[in-house]
Structures are given as C-alpha cells and as structure tokens.
Amino acid sequence: MAIQATYLGMPLDINDLDVENLAYFKHCAAHDFHLQRCGACGLLRYPPTTACPWCASPKSEWIAVEGRGAVHSYTEVHHAIQPAFRNHTPYLVLLVDLDTQRGKPGEHEALRVVGNLVTPQGRLAPPEMVRRVGIGTRVRMVFSDVAPGLALPQWTLDEGASQPASPWRYPQE
Amino acid sequence: MTMPNETDTTSPKHLCDKYAIVGVGETAYMRGSGMTTRALGTWAVRNAIEDAGLEPSDVDGMLSYQSGDSTFAPFIAGDLGMRLNFYMDVFGGGSSTEALVGLAMGLIEAGMCKVVVIFRAMNGFSQVRIGGTGARAAAPVSGDMLHSRAYGWQSAGQMFSPTFMRHMYDYGTRPEQVAAVKAIHSEHASNNPKAFYRKRVSVADVLASRIICKPLHLLDCCVETDNGTAIVVTNAERARDCRHPRVLIRGVVGRCSKPRMDMHYQHGPVSTVAGHYAREILWPNSGVGPEDIDATGSYDAFTFTTMLQLEDYGFCKKGEGGDYVSDGTIRLGGRRPNNTSGGHLCEGYTHGLNMVIENVRQLRHDADDSCPVGPDGRRRHTYDYREGGCRQVRNCELTANLGWANPGTGSAMVMRRD
Ligand SMILES: [Zn+2]
C-alpha cells in the first residue's frame, strides 16, 4: 500500500511499486530495524535495493539487525536547504558504521546507515547535544514516527556504551 | 591506510592524439541572465564553432548534459540550422564533461560524425540552483531520497561533506590547507576579466565566512552563475585546418569509479574518491603521468573536491593533498597551477566545461589576459602574475582536467599542445 505522509512539514511519498522501501519502512514503523540479507552471498545491504550490490543476486530476505554502532563521519548543517529543517539548525547528519558486518566484505566496508542525531524520543537533537557528537561516538538507533507504516531510523547517544574521551570534531570550533 | 583491490581496466591507447578540441566558447558568467538556457546554449555553441573557424553546417554531432535544468541539443541545432547525424542529452553532472569528450571521440571513430559539439547551458543562479534551493528543495521525497533527503541531506555540499570530514580524521588535513584552494583560485580569477568574482581573498577570509555545513564555509563553495559553455571535438587531421594551434586529446576516461557506486558510502574508504579508480585508465592511455602535467583543471565545486581529486589522480600521495594545495604548487608561477581561470570557485559554475575551455586556451598559449597581442596575432605574455596581470602558464604543453560528480563516478582528460 502506498504511503503519503508529512514529516516536519516535508512531504514523503512511497508508491505501490517501491516494494523494497515499503517493506523497509514497515519494519521501522514497528521500531524494528530490518535489512535485506542476500540469498546467495549472505551479505546484508543498506539502503534497500532490488539486487545484491556485492553479487547481483535478486534473492533476499528481511532480517532483524541490531541498531548499534559508531559514527564513521558526519556533517553539521547550519544552512538548511530542505525547508523542513530550517527551524532545526544546526543539525547533524551521521554516517554510522553498524557493529553488524563491520569490515565485510572488505576491511573498508561497513553497513553505513544514515540518520540524524536525535533525542531518545526521536526529535532532532538540540544544539548542546549536537556539539557532543563526532567521529567515534557510540550511538544507538531510535525512530522518528511519521505515520502509520512509516518511521525514520535515527541515531541517539548510546548511554550504555563507553564513549571515547573526546570524539573527533571539526577542528575550527 | 591501504586501498581496496583494483579492478580490470580497458585503456584504448590507439586513440592517443587522434582527436582534438578545436573550438571553445562561452557566454558571460552572470546572475540574472534574462535569457533562456536555449539562448545561452545557442550563443555558447555559436561562439565555439566560430572560434574553431568552422560553420554551423560543419557540425554533425551534438552532446549535452544537464539535470533537468536546461535545453536540449536538437533545439540548439535547430536554432543554428544544423542537421545532426547524432545527438544525445544525458542526465549529468560534474563527471560528464570529459566522459562526453570520450563519447564524441567514439562517434567520430565509428564514422557516425565528423565534428561534435558538447555544451552545457544553465541558469544556475536565477532558475534551478545546483545548491538545491527553490521549488526543487520542497518537492516530495521518495525512493532512494527517503534515505538522504528525509534527513536534510541533499545538496552537493551536504552529501560530500562526510567524505572530507573523514579525510581530516584519517590524515590530519586542516581547514586552512583546504581554504588555500579558494585563496589561490581567487588570485587566478583576479587575472581573468571574465570571472564573476575577481576579488582576491585570503585563507583567513575563507575561515571567517559563515559555516554552510561543516566543514564547508560559504567561501569553500563555488559561485552559482547563469551561463552557457561549449567545446568542439574533431579528428586531429581535420584540426590542422582549424583556426588555432592544435590541442590534441591524449587520453580520456569516464569511469564508474568504485566497484559499487553509491551515495551512502557503503564501499571502500570514504575519503578515497573517483580519481583513485579513473587514473588506472587515464594515465596509461595518455602515455604520461601526473609528474608530466604542466597545469591541472580540477572540479572545484568545493575547495576540498580539488584537493581530493589531485590526491586521487596521483599528483601527490594519498593524505598529502592538504600540503599539496597549500604549498604554492597549484598557484600561477608554481610548479603545476590549478584552475588558472579561477574555476567554479571564482570564474563561474558551469558543471566542469569552463576548466576544459581554460586549459585549451592555456595550451594555445592564449589564456586571455592583460597581455598585448603582437602584429603576428600572438600574445606577448609577461608571466607577471600580480593582480590584474598575466595568467598564461609558461611553456604549457600538457594539461589534465579532472571531473567529479560524486564519490562514485569520475571522468578526466589529458590534452597536449601540438
Ligand atoms: Zn549477494
């Protein structure tokens, strides 16, 4: 079933043909992160695709994946392009290396899952929280609910993990 | 950091020096052009054909690239009364210019065309802004954009910034090193009457300008302009009859540069970009190496894209790009000047073609500047690179153009003076 919804005033649209994204976000809506696992080579992938980017097999199944990892890189946006984000600057876009499948299939590979830094409740992080996070910060997945059948996976500080003494931050601050 | 496994390459060495760029042309770099992209493209194409000493009726192929923000080749051909044997408009970006030169060469090689024009026309300030603002920014988010745009991650600067952040983390690259790219390109632009921004700025000015998205300050980003740009490609024999000294294409590459291209950084070191893979084709089929090149034209959509490309194409070691772009090498008068027109950062943004145009002029020894033209029609260069002075690179024989679109695709070209 197609989904049309609004998030922060931004229209989101998943049409009937986009079966991979419909499946992906249906799991997210249940706050249960799933990725496709290739039926041939067994590797997980992100974001959803029709074929395996590692071996081109069309066969896959959705499996639950733990939403924990470390920040691989980031950008801190001060000038928002997307109108929905103009009232939320500065905000962080994080590339997070999942602990799952890190270093596979090669040493430079990982499942790098995008998301914003958010509060544990799934709201975009306030500036004081933004300033604490950098490369190496341990994060856990939470969800921003958008509509029935649709939630966005997001990242918040993993309070239970041991954090680096000072995560790497852009030096000119 | 060791690099990922290499992949098979095909390097067509027999095309070396077989084709030439014989004409270059552009409109002014403007804001508020008051013209359609069709008009901009028409003027640029006409100027390039005239520069070659050809007539519109000589042109039988036309290629262009755009991102839904421009006119199409058949319209321009119609307006100039051309009858094309082949045309193609691709959805393209920063890695399209040199890739399309390769396509033009292939068309001529196959006997399908004799003279091919490549153009890019855009109202990049007053209509669709590559920076992403305007109506397009507010369009519904669907498909793969649900994993980028829905997070406020969508402009080129936003999408590329994690690459640069990670480069700083991996190699200790510093903001002031990268800011030097803008300072140096602004020096070059100050000697280019066509440049949109001709004011020289300092590293301190860049670092003091407001943050757009870390690590990018406003002055780390290129200047959005309205313009049309065009080049004419034909075979090396035909080029002998054209107006200018021959500028021969030694090698060209358009490569999907990571084995698994994506904008979500699943593959390889994220601080390694297109050139690392494209150079496996570029240098062998050009028969030269980066050490032989006299001037480079890098895709400076941002200061750091210049640094990353120069590094990955092998002009310096991986991780030493910060030193390379800030130690004077890339400045006019330095060992290997880069973007002598001021590039996208200062001359104007036209998706890569202006740096090709500039290098063609450099190889003709006719980079247009303040130096007088002698009775023989050739410039008497002073090689005085102070503000308002000359911008011709002394003894410029070999150039490299490096095109970038995103971390996954790249194209590049080596040209030489006959
Ligand atoms: Zn597979």
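Mind checking whether some residue in region B:309-327 is in a strand (DSSP E or B), open to solvent by 10 Å² or more (accessible area, probe 1.4 Å), in contact (Cβ under 8 Å) with a residue 12 or more places away in the chain and out of contact with any Phe, Trp or Tyr (no Cβ under 9 Å at 6 or more places or on another chain)?
At the first step, the residues of region B:309-327 found to be in a strand (DSSP E or B) are none.
Checked region B:309-327: no residue is in a strand (DSSP E or B), open to solvent by 10 Å² or more (accessible area, probe 1.4 Å), in contact (Cβ under 8 Å) with a residue 12 or more places away in the chain and out of contact with any Phe, Trp or Tyr (no Cβ under 9 Å at 6 or more places or on another chain).
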(request) Kindly provide the set of residues from region B:44-69 that are surrounded by fewer than 20 Cβ atoms within 10 Å (Cβ to Cβ) and either hydrophobic (A, V, I, L, M, F, W, C) or over 20 Å from B:Lys194 (Cα atoms) (or both), ordered by number. (result) B:Gly53, B:Glu55, B:Pro56, B:Ser57, B:Asp58, B:Ser67, B:Gly68, B:Asp69
(request) Assess whether A:Val77 counts as being more than 10 Å from the ligand (Cβ to nearest atom), closer than 30 Å to A:Val130 by Cα and touching a helix residue (DSSP H, G or I) at 6+ places or on another chain (Cβ under 8 Å). (result) yes
(message) I'd like the residue in region B:117-149 that is among the basic types (Lys, Arg) and open to solvent by less than 50 Å² (accessible area, probe 1.4 Å) and, out of all such residues, is modelled with the lowest pLDDT.
(response) B:Arg149
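What's the total number of residues in region A:56-84 that are away from chain B (no Cβ under 11 Å), open to solvent by 20 Å² or more (accessible area, probe 1.4 Å) and not hydroxyl-bearing (Ser, Thr, Tyr)?
8
How many residues, within region A:126-141, are open to solvent by 10 Å² or more (accessible area, probe 1.4 Å) and either more than 17 Å from A:Ser162 (Cα to Cα) or not charged (D, E, K, R) (or both)? Show your work before the answer.
Restricting attention to region A:126-141, the residues satisfying the condition of being open to solvent by 10 Å² or more (accessible area, probe 1.4 Å) are A:126-129, A:131-132, A:136, A:138, A:140-141.
Still in the running and either more than 17 Å from A:Ser162 (Cα to Cα) or not charged (D, E, K, R) (or both): A:126-129, A:131, A:136, A:141.
Counting residues in region A:126-141 that are open to solvent by 10 Å² or more (accessible area, probe 1.4 Å) and either more than 17 Å from A:Ser162 (Cα to Cα) or not charged (D, E, K, R) (or both) gives 7.
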(message) Take A:Gln4 and tell me if it is surrounded by fewer than 20 Cβ atoms within 10 Å (Cβ to Cβ), within 9 Å of chain B (Cβ to nearest Cβ) and away from the ligand (no atom under 16 Å from the Cβ).
(response) yes
(request) Starting from region A:55-75, take each residue that is on the phi < 0 side of the Ramachandran plot and without any contact (Cβ under 8 Å) to a residue 60 or more places away in the chain and list its partners that are within 12 Å of the ligand (Cβ to nearest atom) and of a type in the set (D, E, K, R), counting only C-beta distances under 7 angstrom and pairs at least six apart or across chains. (result) A:Ser60/A:Arg37; A:Glu61/A:Arg37; A:Ile63/A:Arg37
(request) For residues that are outside any helix (DSSP H, G or I) and open to solvent by 10 Å² or more (accessible area, probe 1.4 Å), tally how many sit in region B:150-172. (result) 3
(request) Give the residue that is nearest to B:Ala301 (Cα to Cα), with candidates limited to residues of region B:85-105 that are touching a helix residue (DSSP H, G or I) at 6+ places or on another chain (Cβ under 7 Å) and buried (at least 19 other Cβ atoms within 10 Å of the Cβ). (result) B:Thr97
(message) Residue pairs, Cβ under 6 Å, 6 or more apart or interchain, first in region B:384-409 and without any contact (Cβ under 8 Å) to a residue 24 or more places away in the chain, second open to solvent by 10 Å² or more (accessible area, probe 1.4 Å) and part of a loop (DSSP other than H, G, I, E, B). List them.
(response) B:Arg394/B:Tyr383
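Evaluate the following for A:Gln101: is it part of a strand (DSSP E or B), within 15 Å of the ligand (Cβ to nearest atom) and among the polar types (S, T, N, Q)? I'd like the intermediate steps shown before the answer.
Details: part of a strand (DSSP E or B): no; within 15 Å of the ligand (Cβ to nearest atom): yes; among the polar types (S, T, N, Q): yes.
No.
If a residue counts only when it is more than 9 Å from chain B (Cβ to nearest Cβ) and modelled with pLDDT of 95 or more, which strands (runs of 3 or more DSSP E) contained entirely in region A:110-173 have at least 2 such residues?
Working: elements: A:112-116, A:138-147, A:150-157.
Where strands (runs of 3 or more DSSP E) fall fully within region A:110-173 and carry at least 2 residues being more than 9 Å from chain B (Cβ to nearest Cβ) and modelled with pLDDT of 95 or more, they are A:138-147, A:150-157.
Out of curiosity, is B:Ala183 within 30 Å of B:Ala239 (Cβ to Cβ) and either within 14 Å of another protein chain (Cβ to nearest Cβ) or open to solvent by less than 30 Å² (accessible area, probe 1.4 Å) (or both)? Spell out the reasoning first.
Working: within 30 Å of B:Ala239 (Cβ to Cβ): no; either within 14 Å of another protein chain (Cβ to nearest Cβ) or open to solvent by less than 30 Å² (accessible area, probe 1.4 Å) (or both): yes.
No: the conditions fail for B:Ala183.
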(request) Show the residue pairs that are 6+ apart or on different chains and have beta-carbon atoms under 6 Å apart, the first residue being within region B:191-202 and closer than 16 Å to B:Cys221 by Cβ, the second being β-branched (Val, Ile, Thr) and surrounded by 17 or more Cβ atoms within 10 Å (Cβ to Cβ). (result) B:Phe196/B:Val223; B:Phe196/B:Thr225; B:Tyr197/B:Val223
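Across region A:8-55, which residue is farthest from the other protein chains (Cβ to nearest Cβ) among those that are of a type in the set (Ser, Thr, Tyr) and within 13 Å of the ligand (Cβ to nearest atom)? Reasoning before the result, please.
Initial filter on region A:8-55 (of a type in the set (Ser, Thr, Tyr)): A:24, A:46, A:49-50.
This time we only want the ones that are within 13 Å of the ligand (Cβ to nearest atom), so: A:49-50.
Numbers: A:Thr49: 9, A:Thr50: 11 Å.
The selected residue is A:Thr50.
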(request) Filter region B:120-149 down to residues that are free of Cβ contacts under 8 Å to residues at least 24 places away in the same chain and not in a helix (DSSP H, G or I), then give me how many there are. (result) 6
(message) Consider region B:106-116. How many of its residues are open to solvent by 40 Å² or more (accessible area, probe 1.4 Å) and not in a helix (DSSP H, G or I)?
(response) 4
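The values are calculated or read from the model by the stated rules, or taken from the named source; none is laboratory data. If you're wondering where the values come from, they're calculated on a predicted model, not measured in any experiment. Please note: Cβ atoms are built from the backbone with ideal geometry, for glycine as well, and neighbour counts cover all protein chains shown. SASA here: full protein model, heavy atoms, side chains in, ligands and nucleic acids out. Shrake-Rupley method; radii C 1.70, N 1.55, O 1.52, S 1.80 Å.
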